[in-house]
Structure formats: C-alpha cells, structure tokens
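Step one of this worksheet: look at the structure below.
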Amino acid sequence: MFCVACSMRLCYSDKMKKVILGKTKIETLNVGLGGIPLQRLNLEEAKQVVVYCLDKGVNYFDSARAYTVSEKLMGGAIKGRRNEVILASKAPAFTADDLFKFVEISLHEFGAECIDIYQVHNVPSKERIDAVFGFGGSYEGFLKLKEQSKLKHFGLTAHKREVLDYALDKYGDKIETIMFPYNIVENQGEQLFRKAKKLNIATIAMKPLAGGNVENAALAMRYCLDNDFIDIAIPGIGSVEEAKQDLNVKVGALTESEKQECEKIVKELGNDFCRRCSYCAPCAVGIDIAGVFTMANYVKKYDLKEWAKSRYDGFAKHAEDCVDCGICEQRCPYGLRIREKLRQAGKDLG
C-alpha cells in the first residue's frame, strides 16, 4: 500500500508501528480509525478526517451496519483511495441468510466490491456462538461469500469475555480476528487477548479511550498499545483534532509517572464507570443494564443522541422499568450506584 502524500510504502508516524494481523497476514498500523463518530458528520467533514488519517498512514478503517450512515460516509471519503484501505465492518449476523443480507448492504454503502474483514457484531452468548458456527450459521455464509470474493476474513466482537473465551476454545481454527474492549479502566480482556495471540488470531482493542471517558488520549493509547497482546487499537475519530490526539502514540514502555497517572484515572472513574462486565446481570426485570449505560455514554461523550435513543428505544426493557430492588448493586464488583445511574440514563435517553 502506498501513501499518496509522499509516494512511499506505508508512510506512517514514527510514533506508531506496523503489525501483522495474525493469520490474515494483513499489514497495518497499530492504530486504526473507528467509525462510530463519523455518523455526526457530513461527507465533506468525514473526508477531512479520513484523508488526514490516510496521509498519516492509517489504513485500518472500522465501521458497522449499526452505525447508521458511517459506512456510506466512509465509503465516500475513501473513493479513489480504496486500494490503501483495510476495510472492516460488522453486523449482528448469526445466520448465513442474515450475513448475505447485511454484507450486500455494506458493500452498497461502502461502494466497494469486497470487504477485507467482516465480523459478527456483539455476540451476546455462547449459544449464539454455536449458532454462528453451526449448520446454516454465518460462518457457513462467510465461506460462500469468500468464494465470491466479497469477503476476505472472518471475526467476532463481544463485550462479554466468557463469550469470546468459549469461541476461541471451540472454534479457534475458524476465527481470524477478535475485538473486545481494552483501556485504562477495562483491562479484563488481557488473558483473552493472550489466548487469541497463541492461536495466531488478530487482537483488536475497541474503546481504547473507554468510550471517551479517558480524556488524555495520548496516555490512553499508550496504555493500550504498551503490551504484546494487542495488535491494533481503533479509537472512534470524529474530527481532525481527535485524529491528531489519537495518533500521537509513542512506542515504548510506560514511564512510572504515566503508570501513576493511569492509577489516578482508574480511581477517579472507578465509582462511576460501567465496565460492561455484566456481573450485575441478570436484572430482576430484564433490563440490559450495561446496554443502557453504553447508549447513555454515546449521548454524553459522542453527541449521538438520536442514534443512541433509537437503539435504546428498541430495548425490551428500559431504565424506567427498574423496580429498585438493588440486587444488581450487590453483584457489582466495582460498587457502582447502578439504580442512581439508571435513573440518570433514563433522563439522558428520554
């Protein structure tokens, strides 16, 4: 791949480094572009972000069917430079028929003939993992689409560690990438990523800035990439200024002062940050507590109220359905005031 800006192969900042994404053998930088924030931009604004990243050598672009217009904006922004991009997307496709439907939409939105990495998005349970790899599952559909040169590589994303643990143990030979949260506050995925690396499966860290809750982007990215078990981190980037901050990554071990700053951030967010570990589940009335907090965070940190509210409205149960039993708070290992936070989330998403 070539950078138009300087006509050199993979012109990238010396503060970032190249990596190989496991068995895919794809070469990329260790920082990619997450497409969630693109939803709030118009095409011209999206082009500015994408062109800046491309000219810095960033070539891994991640989107999803759930991100409304993100795929369309990303596709329009990379027009004429598709050969420089590792294009990735995802959808909650648990059957082959679902995958066929979602992929055709994604290809149309991107204006592309092929997507490099397609992941089953946010797999919620071990049962769904079995469905993905079972008869008529999305993996079966992937193999057909790969034969048709519409997809190249297959992966999974999830927010529950035990789900991906199960997938690696049972279907590791079929999985090429996994995506899981990892940041200063959420580091419960370390052993999961290490297991994946042993299987030569590419490891992708989502939410390296903890969904925007960690304001020191340079430190957040340093923390995420200062190890040998994460191949690439994909912060959501919604402006050139955010790109400048997220791409300011120094290679090398964290200093003692940086480690102390990380500890300070953990303490500050510790009593007010949902890590989506789901230890609070199941809710007595069926509220997806982690899901509610995630949507509320998109409102506060990403300014995506309309999108977050539309997804929240589709939940089976809402924050106002809480019966104030407090069982979830007894289960939470971080001592979150879940009932209070649910009430506030309900107001934010109302």
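The values are calculated or read from the model by the stated rules, or taken from the named source; none is laboratory data. This is a predicted model, so every value here is computed, not measured. Neighbour counts run over all protein chains shown; Cβ positions are idealised from the backbone, glycine included.
Is it fair to say Leu87 is farther than 21 Å from Gly212 by Cα, modelled with pLDDT of 95 or more and part of a helix (DSSP H, G or I)?
Numbers: farther than 21 Å from Gly212 by Cα: yes; modelled with pLDDT of 95 or more: yes; part of a helix (DSSP H, G or I): no.
No.
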Exercise for the section: Tell me which residues, restricted to the stretch 164-192, are under 29 Å from Arg222 (Cβ atoms), surrounded by fewer than 23 Cβ atoms within 10 Å (Cβ to Cβ) and of a type outside the set (D, E, K, R). Expected result: Leu168, Pro181, Asn187, Gln188, Gln191, Leu192
Fill in the blank from the handout: Result of the Cβ filter at 7 Å on the stretch 234-246, keeping first residues that are assigned by TED's automatic domain parsing to the domain that holds Thr203 and partners that are of a type in the set (Phe, Trp, Tyr) and assigned to a helix (DSSP H, G or I), at least 6 apart or interchain, is Gly236/Tyr302; Val240/Tyr52; Ala243/Tyr52
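Do you know which of the residues in the stretch 119-135 that are part of a loop (DSSP other than H, G, I, E, B) and on the phi < 0 side of the Ramachandran plot is surrounded by the fewest Cβ atoms within 10 Å (Cβ to Cβ)?
My answer is Phe135.
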Problem - Residues of the stretch 205-217 classified as crowded, with 24+ Cβ neighbours inside 10 Å, in contact (Cβ under 8 Å) with a residue 60 or more places away in the chain and not small (Gly, Ala, Ser), total - result: 0
Exercise for the section: Among the residues of the stretch 223-245, count how many are more than 16 Å from the chain's Cα centre (by Cα) and buried (at least 24 other Cβ atoms within 10 Å of the Cβ). Expected result: 1
Exercise for the section: Could you check, for the stretch 138-145, whether at least one of its residues is crowded, with 23+ Cβ neighbours inside 10 Å, under 19 Å from the mean Cα position of the chain (by Cα) and either assigned by TED's automatic domain parsing to the domain that holds Phe102 or without any contact (Cβ under 8 Å) to a residue 24 or more places away in the chain (or both)? Expected result: no
Exercise for the section: Answer yes or no: is there a residue in the stretch 58-69 that is of a type in the set (Gly, Ala, Ser), within 15 Å of His153 (Cβ to Cβ) and not in a helix (DSSP H, G or I). Expected result: no
Practice task
Scan the stretch 254-288 residue by residue and report those that are assigned to a loop (DSSP other than H, G, I, E, B), within 13 Å of Leu219 (Cβ to Cβ) and not polar (S, T, N, Q).
Solution key: Leu254
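Give Leu107, Leu99 a once-over and let me know the one that is in a helix (DSSP H, G or I), in contact with a helix residue (DSSP H, G or I) (Cβ under 8 Å, 6 or more places away or on another chain), assigned by TED's automatic domain parsing to the domain that holds Glu176 and not small (Gly, Ala, Ser).
On the way: Leu107 fails: in contact with a helix residue (DSSP H, G or I) (Cβ under 8 Å, 6 or more places away or on another chain).
One residue alone meets the criteria, Leu99.
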Exercise for the section: Would you check if there is a residue in the stretch 331-343 being within 22 Å of Leu209 (Cα to Cα), in contact with a Leu (Cβ under 7 Å, 6 or more places away or on another chain), of a type in the set (Ser, Thr, Tyr) and surrounded by 15 or more Cβ atoms within 10 Å (Cβ to Cβ)? Expected result: no
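Is it the case, given these coordinates, that Val323 is under 29 Å from Glu215 (Cβ atoms) and either touching a residue at least 24 places away in the same chain (Cβ under 8 Å) or surrounded by 15 or more Cβ atoms within 10 Å (Cβ to Cβ) (or both)?
Values: under 29 Å from Glu215 (Cβ atoms): no; either touching a residue at least 24 places away in the same chain (Cβ under 8 Å) or surrounded by 15 or more Cβ atoms within 10 Å (Cβ to Cβ) (or both): yes.
Criteria not met by Val323.
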